[in-house]
Amino acid sequence: MAENKKFDPQALVEEIESKFELFQILNEEGEIVNEAEMPELSNEELVELMTRMVYTRVLDQRSISLNRQGRLGFYAPTAGQEASQIASHFALEKQDWILPGYRDVPQIIWHGLPLAKAFLFSRGHFAGNQAPEGVNVLSPQIIIGAQYIQAAGVALGLKKRKADAVAVTYTGDGGSSQGDFYEGITFAGAQKSPAIFFIQNNQFAISTPRSVQSVGKTLAQKGIAAGIPSVYVDGMDPLAVYKVTKDARERAVAGEGPTLIETLCYRYGPHTMAGDDPTRYRTTDTDNEWVAKDPLVRFRKFLEAKGLWDEAKEEAVIERAKEEIKEAIKEADKAPKQKVSELINNMHRGDLPYNLKEQLEIYLEKESK
Ligand SMILES: Cc1ncc(C[n+]2csc(CCOP(=O)(O)OP(=O)(O)O)c2C)c(N)n1
Ligand SMILES: [Mg+2]
């Protein structure tokens, strides 16, 4: 009889946690290990996905050197997170809205934000925060977790407008400890809004390892408390990330509500280019262990075995990326130096509060000389 059973809350946690297995389709050797879950992607799409990952790796390398040359400002490296970022974006549609964190510049570029604008964002120029009409992206969020609440709001708006679109947001393992994280998933769950919430678990919040952030076995399981489907996926496997995102999108637009997706990945580089030294909190052994799981390496093996990829193709993508990056940085250089008045006007639409009005007048006066 149920009433005679001893209540064991710890056993309940363990039971729930035991159900969270890492979802994988393509293993480290580039072999399909889960044929039944293989997403429907044409050869052209598979090649395009690889192209975007290779391009993004080059963009990361170039952004790091441009930062070192003093030609870029704020930059958060992305290498190691390509499957998590690019393959998730690949499952979205143009009309979907993206609410990125500071490390999620690749997704908004592939959604249509011109590269030159991304570079201006890095330089703190207001023009970098103005996406062209029809490019449904918000500016990268610096406040950890804040984009989760905003995504819940955007998703509710999409639902009310009966739009065939979803709101997609990304935070990190650290971000999933924020209050905003829980508020966002709970609200979207309660409203059955079309949202997809990503936790990119790159295993560090700056220098704080995942192991001390939460005693939970996974971060995905946090979604269970909000009553929303939650997935723990190999974030170094582009096919698995694509598949779970595609499924989440289908559920969302069908009115079935949000999904929480934890992508287990790794950031190869420093936290940002502002002086972080990962050798102080990570060992080379751990780095190597994760580099061996590299999403580009395993996807390359998979595509080469199918005769869809070779060195020449990869070289061509690398060259194109370098060329386009060079052009974009030149274009960013042409942007006029920003004025304080522009900064104020860009921050506030409509009526300014009186104190800012006074400041604006002072600056307009100074700038007119
Ligand atoms: C509300 C808030 N608290 C603290 C910070 C300082 N901060 C910047 S990045 C970061 C760590 C975030 O780690 P994680 O969410 O794992 O994302 P990752 O950088 O690994 O992509 C912190 C604490 C911040 N930006 N916002
Ligand atoms: Mg992290």
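We did not get these values from a lab; they are worked out from the coordinates using the rules stated. None of these values were measured; they are calculated from a predicted model. Cβ sites come from the backbone with ideal geometry, for glycine too, and all protein chains shown count toward neighbours.
In terms of its C-alpha gyration tensor, the chain has an oblate overall shape, because the principal axis ratio a/c (a ≥ b ≥ c, square roots of the eigenvalues) is not below 1.5 and a/b does not outweigh b/c. Candidates S139, L364, Y102 compared by Cα position along the dipole of the chain: farthest toward the positive end lies L364, with charges placed on Cβ. Distances between placed amide hydrogens fall under 5 Å for V231 paired with L260, I261, E262, all partners being 5 or more residues away or on another chain. Within the shell of other residues whose beta carbon sits under 14 angstrom from the beta carbon of P132, the net charge comes to 0, with Lys and Arg scored +1 and Asp and Glu -1. In this structure the amide hydrogen of I98, modeled in the peptide plane, comes within under 5 Å of the amide hydrogens of V137, L138, V168, none closer than 5 places in sequence on its chain.
Restriction of the GluC sites (Glu not before Pro) in region 1-64 to DSSP coil positions whose beta-carbon has at most 12 other beta-carbons within 10 angstrom yields E21, E29, E31, E40. In the chain, taking the dipole from charged Cβ atoms about the Cα centre, the farthest positive-side position among L308, A190, P353 is held by P353.
Of all beta bridges that DSSP places with both ends in the chain, some 10 percent have antiparallel geometry. Scalar couplings 3J(HN,Hα) for region 329-334, obtained by applying the Karplus form with A = 6.51, B = -1.76, C = 1.60 to θ = phi - 60°, are 6, 4, 5, 4, 4, 6 Hz; x denotes Gly and Pro. Computed from backbone phi, the HN-Hα couplings of region 95-104 come to 6, 6, 9, 10, 10, x, x, 4, 8, 9 Hz, rounded to whole numbers (Karplus: 6.51 cos²θ - 1.76 cosθ + 1.60, θ = phi - 60°; Gly and Pro given as x).
Spatial offset of region 4-52 relative to region 303-369 amounts to 37 Å, using the alpha carbon center of each.
What you get for the chain, charging only the Cβ of Lys and Arg (+1) and of Asp and Glu (-1), is a dipole of about 1240 debye around the Cα centre.
For the chain, the residue among Y148, F90, N27 whose Cα projects farthest onto the positive side of the dipole built from Cβ charges is Y148. Once C-alpha pairs closer than 8 Å and six or more residues apart are averaged by separation and normalised to the residue number of the chain, the relative contact order reads 22 percent. Computed over the chain, the per-residue total of -39500 (n - 2.57) for DSSP H runs of n ≥ 4 gives a 222 nm mean residue ellipticity of -14000 deg cm²/dmol, rounded to 500. Taking every DSSP beta bridge that has both ends in region 181-319, the antiparallel portion is near 15%. Rounded to the nearest whole Hz, the Karplus-based 3J(HN,Hα) values (6.51 cos²θ - 1.76 cosθ + 1.60, θ = phi - 60°) of region 214-229 follow the sequence 7, 7, x, 5, 10, 8, 4, 4, 4, x, 4, 5, 8, x, 10, x, with x at glycine and proline.
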